[in-house]
Amino acid sequence: MSGWEIFWDVVPYVTLAVVAVGTWWRYRYDKFGWTTRSSQLYESRLLRIASPMFHFGILVVFIGHVIGLFIPESWMDLVMSDHVYHLQAVILGGIAGVAALLGIALLIYRRRATGPVFMATTANDKTMYLVLVAAMVAGFACTAIGVTPEGAEHDYRQTVSPWFRSIWILQPRGDLMVQAPVYFHIHVIIALVLFCLWPFTRLVHVFSAPIGYLFRPYIVYRGRDVAEKSELVGSRPQRRGW
């Protein structure tokens, strides 16, 4: 067994351990820091454009990764032909990738060009943006280099995908990952670094679901003149949530 095979067998489990322990530590000792640290108060014009563009683009990219990595090629062949699969990967993946890259480029420009937002940017944020952009560019390069509407120069569903699934059943197949081209190696390594950083950056907010907002009480705003009618207001029954 070569060193690269051992690397691809071991490093994913190290990454999973860092994500699990880091997320637990962050939730246990930094609950008040479990936030995106929104900067909308400082600037909202660019944010209204860049944030939806990035989030919707990255969501489509994520769904594409789930389909490509989790669903075996033989199962996908029952739904669509190989040509259709690669065609939608190029078209939908390309559009989503461009949208996500443009969105994060605008977010970085906004963070650098807006004084208060830049002052609130930490070294942690800069590292996160650097690794996130690198992962996105590497993934986009994998699609641009290895996939065309006619087919793929290298079908990652025969190497990267089986390797990825083998990790979750505790039977790692690093030998499959070794067979993948070097640009897939680069993309996956950067992605593993990003996941190791994930629990310690603002990206941790992805693990939160705002379910409580559906059931919280209404927020009541009162002007100063309402104080004179406090007895009437106080006599009304209060309702919670919807």
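The values are calculated or read from the model by the stated rules, or taken from the named source; none is laboratory data. All values derive from a computational prediction rather than experimental measurement. Positions of Cβ are generated from backbone atoms using ideal geometry, with glycine treated the same way; all protein chains shown enter the neighbour counts. Remember, those area values only see protein heavy atoms, side chains included, never the ligands or the DNA or RNA. Shrake-Rupley method; radii C 1.70, N 1.55, O 1.52, S 1.80 Å.
A few notes on this one:
- Surface composition of the range 37-150: carbon and sulfur atoms hold 75% of the protein heavy-atom accessible area at a 1.4 Å probe.
- Seen from Tyr109, the other residues with C-beta closer than 15 Å to its C-beta sum to a net charge of +4, counting Lys and Arg as +1 and Asp and Glu as -1.
- Largest accessible area first, the listed residues Val84, Val79 line up as Val79, Val84 when surface is computed with a 1.4 Å probe on the assembled protein chains.
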